[in-house]
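What follows is a single structure, written as structure tokens, with notes after it.
Each value in this text was obtained by applying a stated rule to the coordinates, not by laboratory testing. From a predicted model like this one, the values you see are computed outputs, not experimental measurements. Every residue, glycine among them, receives a Cβ derived from its backbone with ideal geometry; neighbour counts consider all protein chains shown.
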């Protein structure tokens, strides 16, 4: 019988990355499924996982990561949304036992899972999608903003490294939303990026024109008034 954790990480997800974990060479583990439906999402095959998807067996994945020690100095758990899987805190604990720093990328919708994993994590990147009262643009979870705010509060109270990631996508985040977010972003390290119309979850975004560099710089400057803001 297939264990649940053998149906989480989509095969191909232990590739080595030089950019996903700042300052480290990391193995990347892609967890299947997401409870958000961001139209601009660039990993649609992880949101709507095809029936033909191939998954890592968990023992095989651990063996693969162990074999990379000496070549990597970190592991990134991303998705999809990793915290949707009930045993993810235990999985993160087991990955941590390999003596490698673990970074979690999350949309913040499951603060209980983040809380349960904090002792085994070294870095968390929390996606902020839009103004907290506009989360209906990306999901149907009634209390999504409350959950995200709770996750952010956990990070602010923790000793680990964390950052906030914002994708500036037309129709999801406008300049008025940025102004509304400033109290949430205050004192944080914010990674701001322009949305990419290639390979999106919602095909309507494939023809959407990204914000201009001038607009992106204006958004960055507004955020930089209250937080460290890096435009990538």
Review point. How much mean residue ellipticity at 222 nm does the chain get from its helices, if each DSSP H run of length 4 or more adds -39500 (n - 2.57) and you divide by all residues, to the nearest 500 deg cm²/dmol?
Key: -8500 deg cm²/dmol
Study note, to complete from the structure: One would report the antiparallel percent of DSSP beta bridges in the stretch 4-231, rounded to the nearest 5, as 15 percent
Check your understanding: DSSP beta bridges in the stretch 1-139, what fraction antiparallel, as a percent rounded to 5?
Key -> 25 percent
Check your understanding: What is the order of 88, 208, fewest Cβ neighbours within 10 Å to most?
Key -> 208, 88
Check your understanding: If you rank 15, 93 by fewest surrounding Cβ atoms within 10 Å, what's the result?
Key -> 15, 93
Study note, to complete from the structure: Taking the alpha-carbon centre of each part, the distance from the stretch 133-159 to the stretch 2-52 in Å is 21 Å
Check your understanding: residue 214 versus residue 199, label points 7 Å from Cα toward the beta carbon: distance in nm?
Key -> 3.2 nm
